[in-house]
Every structure is written in structure tokens, then in C-alpha cells.
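Student: Dumping the structure here so I can ask a few things about it.
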């Protein structure tokens, strides 16, 4: 954005100059100084009425930091209004949001609560969430479908198994690294002495056996993961 724009006063407000003063004012003894280009951009956007959140997303810093820049700018130059020049769209939208609904209470028939609690436990949900979904479905409002619920339950149940798979993969990675080191040592020996080690045949045969063992272990891991997720047909 242009570094110079007209303010509410008679004289123009140079955002580039103001940004330099702000950067100096907000820089502490340990922290790095902020980019003056970012500060100038943030000040110009705030003067145009953008919210701190929108400015933060555009400039690439936190909304809290943008607010501190704008407050410092207002202290340094009274022509700059940290409150912005236009109404806040976010605040207007928030004010228009409806308040919370009143609680709806009813006494279910005997046995209903037990059935709902069992269903909620199976699906890994709260009783309130389950009842809300049922009501939304009855009035044809969008709610979490069965597929979403199944994925939630799967994630919850698969955590221990996936940790075990991750540990096994880590062990195989370490074994591959060890075999790679062995091969590197053979290469260094050959380059240094211009001849092959006496045990080159045995070393290569041992490396081949280890790599085949590693390949078989990875195949078992792949099959285990496919079994966990239900295979290709699922």
C-alpha cells in the first residue's frame, strides 16, 4: 500500500515515517525490531477501517502485535486513530448473532436414557451430542453423519495400534541406516586402498540378507496397516 495517505486532519500523515517511530518505540532491548514496511502497511490498513484480525492475516503477524503498533502510533501522532476510520464489520456481525437458545427439558420414557448412554459410549460421543444430532436429523438440519462418527471412533481406537506401527517403522529405519553405514565403510576402504576388502563377499552377502529381512518386515507392516484400516474394499 502507498506509504502516504490523507488523514482526518489538514496535513498528510506519512505512514512510512510514523512506522519508523513505531518500530523504535515497540522494540525492546532483547527483541528484534519489526519490519517498517509491515508496520506502515498495518497502520494504513487500520486507518482504512480493517480489523486487527484482518490486518494480522494480511501482514503476517499476530493481531495482538498489530494492536500494539496501532496504539503506539496513536500515542506518537494524534492524527492517527487506532480505533480506525470505519465501523468494525466483525463487531457488527457479532452483535447480530443470535443469543443462546433456551434449554429444552423433557423426561424420557423408562429405559430410553440407558439406550442413549450405550449408543453414545459405542460412538464415543457425549449424551448431549447424541441427542442434539437426533433432534437435528428430525428437523432436517445438517449434523455429523454416520461416516464422520465412524472416523472419530476409528481414530480413537487405532491410536495404540498406530503407535506400535510407528515404533516398528522407526526400528526398520535404524536398521537401514546401519546397513548404509556398512556399505559406506566398504566404499571408503576400496577408495583408500584401491582394492577390495578380503571379506567383501561375506559382507555383501550379509548386507543382502539384512536388506531382504528389512523388506519382509516392511511388507508385514504394510499388511498390518491395511488390516487396521479395513483393506482396499473399505
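Nothing in this text is a laboratory measurement; each read-out follows from the coordinates by a stated rule. This one's a predicted model, so the numbers in the text were calculated from it and none came from an experiment. Glycine gets a Cβ as well: all are built from the backbone with ideal geometry, and neighbour counts include every protein chain shown.
Student: On the first, second and third principal axes, largest extent first, how far apart are the outermost C-alpha atoms of the range 187-229 in Å?
Tutor: That gives 52, 16, 6 Å along the principal axes, largest extent first.
Student: Can I ask one more? How do 165, 59 line up, fewest other C-beta atoms within 10 Å first?
Tutor: On the way: 165 16, 59 21.
Arranged by neighbour count, lowest to highest, 165, 59 become 165, 59.
Student: Let me ask you something else. Using Cβ contacts closer than 10 Å as the measure, can you line up 203, 117 from fewest to most?
Tutor: Details: 203 17, 117 12.
Fewest to most other Cβ atoms nearby, the residues stand as 117, 203.
Student: Report the relative contact order of the range 156-229, percent, no decimals, based on alpha-carbon pairs under 8 angstrom and at least 6 residues apart.
Tutor: Details: 23 pairs, mean separation 32.4, N = 74.
Once normalised by length, the contact order is 44 percent.
Student: How would you rank 130-138, 173-181, highest first, on the average number of other Cβ atoms within 10 Å across their residues? If you can, show how the numbers build up before the last one.
Tutor: Values: 130-138: 13.7, 173-181: 11.9.
Ranking the peptides 130-138, 173-181 by packing returns 130-138, 173-181.
Student: Give me 106, 80, 189 ranked fewest to most by other Cβ atoms within 10 Å of their Cβ, as a rough exposure proxy.
Tutor: Exposure proxy ranking, most exposed first: 106, 189, 80.
Student: Kirkwood hydrodynamic radius of the range 156-229 from all distinct Cα pairs, in Å?
Tutor: Numbers: mean 1/r = 0.0696 Å⁻¹.
Averaging 1/r across every pair of different Cα atoms and inverting gives 14.4 Å.
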